[in-house]
Amino acid sequence: MKCPGQDSQYWKPGAIFEVKCPKCGAEVEFFKDDPTRKCPACGHRFLNPDLDFGCASYCPYAEQCIGNLPPELLAQRENLLKDRVAIEVKRHLKKDFKKVGHAIRVARYAEQIGREEGGNLAVILCAAYLQDIESGPGSEKKTSVAREILTKLGAKEALVDEVCDLISHDHGPGPDDPVNLKVLYDADVIAKLEEKMKEKPDDNKELTRVVKTSLLTESGRALAEKRFVEGKG
């Protein structure tokens, strides 16, 4: 049996539509499940602007169902997974608003730093949301919960393993560690600085010291200096 979203017998009006080629302006007919189409007039191949594959972020049969996705859509699929991880973390933490807020801040800074440093955002952002998922001693329980959540959402085993490896580091990374770990570390440091600044807004000397000495990436340092040092005198 086909997925109802991909089986044409369940399609409604509008499932077949026309889009102007972004290169020459000719009309190109799309079926709603076409990832890309080639313009018959100029030969330019472009993405389906209305493609809806939200289920592909968690469905274990997505690749068989949709086929070989182009890189642009694979990136979008990974972003959808990150969003679903965020929702699951909020459900797990329930009313622990302090941890929820910290996870959101870490993810926000990790995305900014990761884009500049060239890290794997799918791994980094999932790890950012999951790094404080459990408060038990050590990292074993934390990685166990993270693995359970990611597996439930249909994440690939390689991604699950890398995320769990990142969040299992209880100490800061060294200069030779992978960029993903450095990005996650810097994002966590900046999030904690932001939280500390709210508690002690006048502790500028300590903020400056941490920014100058504790961050591992150029992008993280630049972001922290702009956020906490510039204009503080």
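The values are calculated or read from the model by the stated rules, or taken from the named source; none is laboratory data. Keep in mind that what you see is a predicted model, and the values were worked out from it rather than measured. Backbone-built Cβ (ideal geometry, glycine too); neighbour counts: all protein chains shown. Heads up: the accessible areas ignore ligands, DNA and RNA and are worked out on the full protein's heavy atoms, side chains in. Shrake-Rupley method; radii C 1.70, N 1.55, O 1.52, S 1.80 Å.
Quick notes on this structure:
- Taken over the stretch 154-194, the criterion of being touching a His at 6+ places or on another chain (Cβ under 7 Å) and either closer than 17 Å to residue 101 by Cβ or assigned to a loop (DSSP other than H, G, I, E, B) (or both) is satisfied by 191 alone.
- Residue check, residue 89 in contact (Cβ under 8 Å) with a residue 24 or more places away in the chain, more than 20 Å from residue 194 (Cα to Cα) and crowded, with 24+ Cβ neighbours inside 10 Å: yes
- Filtering the stretch 109-145 to residues that are modelled with pLDDT of 85 or more, closer than 20 Å to residue 183 by Cα, of a type in the set (S, T, N, Q) and surrounded by fewer than 24 Cβ atoms within 10 Å (Cβ to Cβ) leaves 112, 120, 143.
- Pairs with Cβ under 7 Å, 6+ apart, first in the stretch 143-161 and closer than 14 Å to residue 133 by Cβ, second in a loop (DSSP other than H, G, I, E, B) and open to solvent by 70 Å² or more (accessible area, probe 1.4 Å): 153/58
- Options 74, 51: the member that is in a helix (DSSP H, G or I), modelled with pLDDT under 80 and of a type in the set (A, V, I, L, M, F, W, C): 74
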